[in-house]
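Below is one structure, written out as structure tokens; the observations come after it.
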Amino acid sequence: MENKSCPLGHSCHSMKDGKMITCAWLQTIEGLNPQTGEPVQKEDCAISLLPLLLIQNAKESSITSNAVNSFRDSVIEKNNQAIAYHQLQQRIINA
């Protein structure tokens, strides 16, 4: 097992009383690298993974924002059509 350099100064894996102790901050992530699109399967300290996860979070937030804006534009367009239709009906009724 590789003993990584911990930002907190701890060991990722250590032996204590004959038992293997794994740091609670040690995490495994799988997915695609948000910068390169390459597959990633990485075991590392959660603290050192934060920049990668923050980049992915920003990307997902941007995608969500774009979807919400598109939905809003669709709703506005449909509302404007409904208002125009209602106004046309009122003109026909009042004529």
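Are there any pairs with C-beta distances below 8 angstrom linking a residue in segment 24-52 that is within 22 Å of H10 (Cα to Cα) to a residue that is assigned to a strand (DSSP E or B) and of a type in the set (K, R), with the two at least 6 apart or on different chains, and if so which?
Every condition considered, the pairs that remain are T28/K42; I29/K42; L49/K42.
Does segment 63-73 contain any residue that is of a type in the set (S, T, N, Q), modelled with pLDDT under 90 and loosely packed, with under 11 Cβ neighbours inside 10 Å?
no
I need the full set of residues from segment 2-50 which are in contact with a helix residue (DSSP H, G or I) (Cβ under 6 Å, 6 or more places away or on another chain) and outside any strand (DSSP E or B), in order please.
The answer is P7, W25, P34.
The values are calculated or read from the model by the stated rules, or taken from the named source; none is laboratory data. Keep in mind that what you see is a predicted model, and the values were worked out from it rather than measured. Virtual Cβ from ideal backbone geometry, glycine too; neighbours counted across all protein chains shown.
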